[in-house]
Amino acid sequence: ATKRRTAVDIRGRKGGEPIVSLTAYSAVMARLVEPHVDFLLVGDSLAMVEYGMDSTLAATPDMMIRHGAAVVSATSLPLVVIDLPFGSYEASPEQAFATASAVMAGTGAGAVKLEGGQAMAPTIRFLSDRGIPVMAHVGLTPQAVNALGGFRSQGHDEAARRRILEDGQAVAEAGAFAVVVEGVVEPLADEITAQIGVPTIGIGASVSCDGQILVLEDMLGLTPRVPRFVHTFGALAGAVDEAASAYASAVKERRFPGPGNVYKPRG
Ligand code: KIV
Ligand code: NA
């Protein structure tokens, strides 16, 4: 049997074959996509995609643990990475360790992800020195949506580009095994990828990143509106609508359940 990928495997892919990743929040979806990915992220985007909230801020450690445990138990090949939600890690390295260790123990996942650059570097160092692999996340950091003034692409002036490059360098030097680079201008993503020694995972970033990630429901064409950086590789909303419509007609016309869908008495 092939063994599950680890953070060390992902770290070793710098400059190599592109790393493929997607989000997953449920057993059913994780099982379907696991043959095609190197890692699955149980993202706090589940607050928006799965719970209908308008930001990721209301995701909780308990939500992350329940969904994370489902994704780990449904899969055997990809590394599973779990987002630390807003408010559960920023106050101190000790707070982050308490949350991250509970998430790792409660799910069996192989790594956590947290948002932030230079300000989070000491926390990333603290966790990685204590046995917790950390994926960092810089650029458009959705937990900071209120401070950023909305979900907006980042790095449009020289000062912002320098700050975000320094964020990427700081988290890599602090021991992050990979860095998500989200929603930044393409040349900045290229520059971060060239300058840091660990893989960059792009989303709304650049084809030159060491890997790519998308929210699964977005790329499957299940979500009503998607950011411009998403390519919809599937059209599942239409397929779901057709199936639900066919079911509704069959019920109304008493064609379902059919003879094969009912139990006949044995005696
Ligand atoms: O929560 C999430 O889905 C993410 C990815 C899009 C990187 O953080
Ligand atoms: Na996230």
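In table form, for the structure just shown:
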| quantity | calculated |
| --- | --- |
| DSSP-defined antiparallel bridges as percent of all bridges, the chain, nearest 5 | 5 |
| Low-density loop positions, chymotrypsin sites (Phe, Trp or Tyr not before Pro), the stretch 144-233 - DSSP coil, at most 16 other Cβ in 10 Å | F151, F229, F233 |
| Spatial separation of Cα centroids for the stretch 199-267 and the stretch 108-183, in angstrom | 31 |
| Relative packing of peptides 63-70, 257-264 - highest average C-beta neighbours within 10 Å first | 63-70, 257-264 |
| Net charge, S208 excluded, C-beta distance under 12 Å - Lys, Arg +1, Asp, Glu -1 | -4 |
| The stretch 123-200: C-alpha gyration tensor shape, a/c 1.5 cut-off, then a/b vs b/c | oblate |
| Length-normalised contact order of the chain in % [C-alpha pairs under 8 Å, at least 6 apart] | 17 |
| Net length gained if the chain between M53 and L236 were fully extended (0.36 nm per residue, minus Cα distance) | 63.7 nm |
| Cα gyration tensor shape for the stretch 47-104, rounded if a/c is under 1.5, else prolate or oblate | oblate |
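Every number here is computed from the coordinates shown, using simple stated rules; none is lab data. Treat the numbers as computed from the prediction; the structure is a model and nothing was measured. Heads up, the Cβs are rebuilt from the backbone with ideal geometry, glycines too, and the neighbour counts pull from every protein chain shown.
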